[in-house]
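One structure is given here, and the rest of the page talks about it.
The values are calculated or read from the model by the stated rules, or taken from the named source; none is laboratory data. Since this is a predicted model, take the numbers as computed values, not measurements. Here the Cβ is made from the backbone with ideal geometry for all residues, glycine too, and neighbour counts use every protein chain on show. Surface areas here come from the heavy atoms of the whole protein model, side chains and all, with no ligands, DNA or RNA. Shrake-Rupley method; radii C 1.70, N 1.55, O 1.52, S 1.80 Å.
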Amino acid sequence: MNTLQFLADGFSIAFQWQNILFALVGVIIGTAVGVLPGIGPMSGVALLIPVTATITSGMPTDAAAASSIILLAGVYYGAMYGGSTTSILLNTPGESASVVTTLDGYQMAKQGRAGAALAIAAIGSFVAGIISLIGLVLLAEPLSNIAIKFGPAEYFSLMLLGLAAVSGLAGKSMTKALLMTTLGLMLGTIGIDAVSGIARFTYNQPVLFSGLEFLTIAVGLFALGEVFKTVLERDHEDGTIAKINRILPTKQDMKDSTVPIVRGSLLGFFIGVLPGAGATLASFFSYMTEKKFSKNPDSFGKGNIAGVAGPESANNAASGGAMIPLLTLGIPGSGTTAILMGALIMYNIQPGPLLFDEHPDIAWGLIASMFIGNLMLLVLNMPLVRVFAKVIQTPKKYLLPIIIAISFFGVYAVQYTTFDLYLLLGCGVLGYLLSKNDFPVAPLVLALVLGPMIENNMRRALTISNGEFSIFFTKPLSLLFIIIAAAWLLIPLLLKMKGKSVVIEDES
């Protein structure tokens, strides 16, 4: 009963006129941040901290902190909504968690189903946001106790499972998928080694010391790759691609999406609770899961609505889940929550076990405002589905320059280097060549994200065990993840071999 009373008190804070306004401004800015590739929620939240500090400067400390964190959190989960828009319409991921949405969302748009894809993304995001917030209210303490037990060995095995699951994106050839995974891991090693301080594969070029920017590569491979494909293959058929027969999803679309939305919401929430896992990993895991459970896995990558519903729900649920370790343990679960933590500390408020006792207005006011913010996003985004869907009707001669401009602006806004613009162009050419030769791009992107985390956790685990690799097999959770990863790789191979042997027997 105490929890419900605290939540009611939180709503009394969230319904104050200035906090409703802050939540509305936050989700609108967040949606815009998600739409613009390269900026992302982390940059958006960081840029707005000084703005919110200035606006709330005349308010009491706790009230100022509550209003600021409500706005900044609105930017965070609002960006998860907005990231799907350009992924679906332009094959351009607005932020890293929306990369996997391009695989089926853009194909749906090309088939004239952009409205349905955008509507399902909005509905899935809303449902996921509400589910994750209910989980945040009810399960914060017990889930944090589980997450804190994860050590480096468990994280290494979890990331290894993520790479093994990439075989689900293999397309026609698992060999090609594993080659792309290896390439992604290699690219992830470029830069200064965080442990030894040694420069790796930088060739004495200072611009490479910080490594390759993830979004530069993702936007290049997906967005510019599509531009090069359209130009070089003279794919200027505007009519068939742009035709949109229906804006809202059909009953069949809703039926096909219901289970993926619920499953993605639950999976994303639990992954979001794990510090460092993040929305990107949640969306990839959700996509793999939907493909594994699907009765028609070959339809994924060709416009299957479950490939939009699951990942979009997962990345929004992960943003809610990431609030648990931040608020209850003072451990940021992602880069964006780390910035949110910094914003709270700026007001002399320390996130952690004592936050709910010492500053209940801030903690519960934030949680209540997220319910209101998610409702605002649904109300704002559903009517705009028709507006967003019209974007795909833009003729290619106008649309391609817009995609190029958004891509270059997004990358340069984050990096401020001409090197990244050249890298963007190079990745665009590479993306075209890879897709033309049936090499899946998604495994490279996932490996680039997970590679540094895998390496860091492996080295930390080996430091703890004095170099003994047995630590990965003696920890029960770590062993479980490794067994699942091995099964994920081996079972499809065994089934393929069994299928071939059956064919040979039939022929004989």
ILE372: passes all of (1) modelled with pLDDT under 80; (2) within 21 Å of ILE131 (Cα to Cα); (3) open to solvent by 20 Å² or more (accessible area, probe 1.4 Å) but (1)
Of the residues in segment 433-443 that are of a type in the set (A, V, I, L, M) and assigned to a helix (DSSP H, G or I), the one that is most open to solvent (accessible area, probe 1.4 Å) is LEU433
The correct count of residues that are part of a helix (DSSP H, G or I) and of a type outside the set (Gly, Ala, Ser) in segment 339-360 is 11
Scope segment 68-99; condition at pLDDT 85 or above and not hydroxyl-bearing (Ser, Thr, Tyr); matching residues
ILE69, ILE70, LEU71, LEU72, ALA73, GLY74, VAL75
Which residue pairs have Cβ atoms under 8 Å apart, sit 6 or more places apart or on different chains, and have a first residue in segment 205-222 that is touching a residue at least 60 places away in the same chain (Cβ under 8 Å) and a second that is of a type in the set (D, E, K, R) and in a helix (DSSP H, G or I)?
GLU213/ASP420; THR216/ASP420
Can you tell me which residue within segment 462-486, out of those that are under 25 Å from the mean Cα position of the chain (by Cα) and open to solvent by 60 Å² or more (accessible area, probe 1.4 Å), is modelled with the highest pLDDT?
LEU480
Consider segment 266-319. How many of its residues are closer than 25 Å to LYS110 by Cα and either of a type in the set (A, V, I, L, M) or not in a helix (DSSP H, G or I) (or both)?
14
Single match in LEU329, LEU340 (criterion: more than 16 Å from the chain's Cα centre (by Cα), surrounded by fewer than 24 Cβ atoms within 10 Å (Cβ to Cβ) and over 22 Å from LEU163 (Cα atoms))
LEU329
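Here's the yes/no breakdown for (1) modelled with pLDDT under 80; (2) not in a helix (DSSP H, G or I):
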site	(1), (2)
SER167	yes, no
LEU179	no, no
GLY211	no, yes
LEU224	no, no
Among the candidates LEU446, LEU430, single out the residue that is in a helix (DSSP H, G or I), under 13 Å from ALA218 (Cα atoms) and either open to solvent by 40 Å² or more (accessible area, probe 1.4 Å) or free of Cβ contacts under 8 Å to residues at least 12 places away in the same chain (or both).
LEU430
Residue that is outside any loop (DSSP other than H, G, I, E, B), free of Cβ contacts under 8 Å to residues at least 60 places away in the same chain and among the β-branched types (Val, Ile, Thr), where the choices are ILE454, ILE483
ILE483
Quick one: would you say GLY197 is more than 20 Å from the chain's Cα centre (by Cα) and at positive phi?
yes
